[in-house]
1. Residue 142 - would you say it is surrounded by 16 or more Cβ atoms within 10 Å (Cβ to Cβ), at positive phi, touching a strand residue (DSSP E or B) at 6+ places or on another chain (Cβ under 9 Å) and not aliphatic (A, V, I, L, M)?
2. Only residues that are aromatic (Phe, Trp, Tyr), surrounded by 13 or more Cβ atoms within 10 Å (Cβ to Cβ) and over 30 Å from residue 209 (Cα atoms): list them for the stretch 56-112, please.
3. Here are 91, 71, 107: which of them is under 18 Å from residue 256 (Cβ atoms) and of a type in the set (D, E, K, R)?
4. Which pairs do you get when a residue that is closer than 14 Å to residue 117 by Cα, found in the stretch 74-96, comes within reach of a residue that is assigned to a strand (DSSP E or B) and among the polar types (S, T, N, Q), reach meaning Cβ atoms under 6 angstrom, with the pair 6+ apart or on two chains?
5. Condition check: closer than 21 Å to residue 255 by Cα, hydrophobic (A, V, I, L, M, F, W, C) and modelled with pLDDT of 95 or more. Does residue 235 satisfy that?
6. Restricting the stretch 230-283 to residues that are polar (S, T, N, Q) and outside any strand (DSSP E or B), which is nearest to residue 196 (Cα to Cα)?
7. If you take the residues of the stretch 197-228 that are part of a strand (DSSP E or B), of a type outside the set (Gly, Ala, Ser) and in contact with a Gly (Cβ under 9 Å, 6 or more places away or on another chain), which of them is surrounded by the most Cβ atoms within 10 Å (Cβ to Cβ)?
8. Scan the stretch 123-146 and tell me whether some residue there is of a type in the set (Phe, Trp, Tyr), under 17 Å from residue 206 (Cα atoms) and either modelled with pLDDT of 95 or more or touching a Ser or Thr at 6+ places or on another chain (Cβ under 8 Å) (or both).
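The values are calculated or read from the model by the stated rules, or taken from the named source; none is laboratory data. All values derive from a computational prediction rather than experimental measurement. No Cβ is skipped: glycine too gets one built from the backbone with ideal geometry, and neighbour counts run over all protein chains shown.
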Amino acid sequence: MCKDFATDKQLIYTKLTHDFVTKGIFSVKKHYIKMKQVKTLAALAVATAVCMPTAMAGTWSVGASALVSPDPYRGKNDRVYPVPIVSYESDNFYFRTLAAGYYLWKDDNNRLSIDAYYLPLHFTPGDSDDQQMKALDKRRSTMMAGMSYSHIEDWGTIRAMFSGDVLDNSGGFVGDLAYLYRFSVDSWTLTPGAGVAWNSEDQNKYYYGVSRGESARSGLAQYKPNDSWSPYLELTANYNINPNWNAFFTGRYIHLANEVKNSPMVDASWTGVLWTGVTYTFR
């Protein structure tokens, strides 16, 4: 392990159910082993990349921010998080508070990286004011690892990412595909975008499914979701106060997929995130 491990916000369909029905339990075990191997290799790749020295000195930024995350779960669970910001960017490596990555390819038009990031989504039964929700099992936040790619042109940016749960809390995978367009007005830089987020069946089952035991305890209906696609809109705004100080705002509106909305745990049709703060860049 390296001594200086530095840790973005960004976010395949598994065939277990199909294989169990058509090929039996041996095939399920075989695919489970393969998925475990993929996750292990992804984690090792990220750790190796992070431990590699950067070829050139990078840029450091520090700051303070607040993150607001409307919770789709039943009950009053909306959260506001104070988030300190520490960011580093070089030709080889990046670190952005909740994420880290190593660039395999980085030029004016392309960025391909191995990434690791913290996924804060979780559910704590004791925090809910809904008595039925209090009887459910805890859903934990986790660490995700995978790859992302961005292609940048004058007409906009195409961004794609894919990652899996390396702590195996959900055993799931997530994907994301988006189009972004960046433009500047005086000291403002605005980047609106639209995309779609994909959750695997295992990801949805862990965070939104209700098991037989949970159903018996809580009175909620048993529920087993499939994989899902959720469209979203986002906007990032940056205001350059001076060469060193910058204020930012990021917002994302996510229209929840039916597989999520139909869960007895959920009483919302949308979710999202608001993140705002100020940063100071050392130049």
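1. So residue 142 does not fit the description; no.
2. Correct list: 60, 88, 93, 94, 95, 102, 103.
3. 71
4. 87/61; 96/87
5. Yes; evaluated as a whole, the condition is true for this residue.
6. Only one residue fits best here, namely 258.
7. This residue is 199.
8. For the stretch 123-146, residues of a type in the set (Phe, Trp, Tyr), under 17 Å from residue 206 (Cα atoms) and either modelled with pLDDT of 95 or more or touching a Ser or Thr at 6+ places or on another chain (Cβ under 8 Å) (or both): absent.
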